[in-house]
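Read through the structure below, which is laid out as structure tokens, and then see the notes.
Values quoted throughout were computed directly from the atomic coordinates according to the rules given, and no laboratory measurement underlies them. Remember, predicted model here, so these are calculated numbers, not experimental data. Ideal geometry is used to build each Cβ from the backbone, glycine not excepted, and the neighbour counts take in all protein chains shown.
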């Protein structure tokens, strides 16, 4: 019994490809240096902690957590601005933006409740007089 024609090899020639089956290929990866690829140690920052505090400030303590997050994010941004391409630069920027938004929303909520309380005190029906 002879093998099927697509399985035969004729005088060292590669076997023909069967339709629907991928042909195995050998690929080699080459490292291509881009720009000045010198290894540079960058200092660590507190950008991740600042981002976590800023995000948690929306659901927990508001400005009590976002103010320290803002200070930590600003310190992280000072460090990342000194080292171009620092991996924490985006995280520090995001932490700063999120903490500022949280502080603004907290101040707006306090103003809203202050105005609501002032309206309730000025209404004679509410004061019980």
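Evaluate the relative contact order of the stretch 45-122 (contact order divided by residue number), counting alpha-carbon pairs under 8 angstrom at least 6 apart; express in whole percent.
37
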* Pair residue 64, residue 83: separation of 7 Å Cα→Cβ label points (nm) -> 3.4
* To do: Provide the FRET efficiency to the nearest 0.05 for the residue 121-residue 56 pair, computing r from the beta carbons and using R0 = 30 Å.
  => 0.35
* To do: With no solvent and one equal point scatterer placed on each C-alpha of the stretch 45-122, evaluate the Debye formula and give log10 I(q)/I(0) for q = 0.13, 0.21, 0.27 Å⁻¹, two decimals.
  => -0.43, -0.79, -1.06
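Taking R0 as 25 Å, what's the FRET efficiency between residue 100 and residue 42 from their Cβ-Cβ distance, rounded to 0.05?
For R0 = 25 Å, the calculated efficiency reads 0.50.
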* Asked: With a 10 Å Cβ neighbour count serving as the proxy for reagent exposure, in which order, fewest first, do 112, 58 appear?
  -> 112, 58
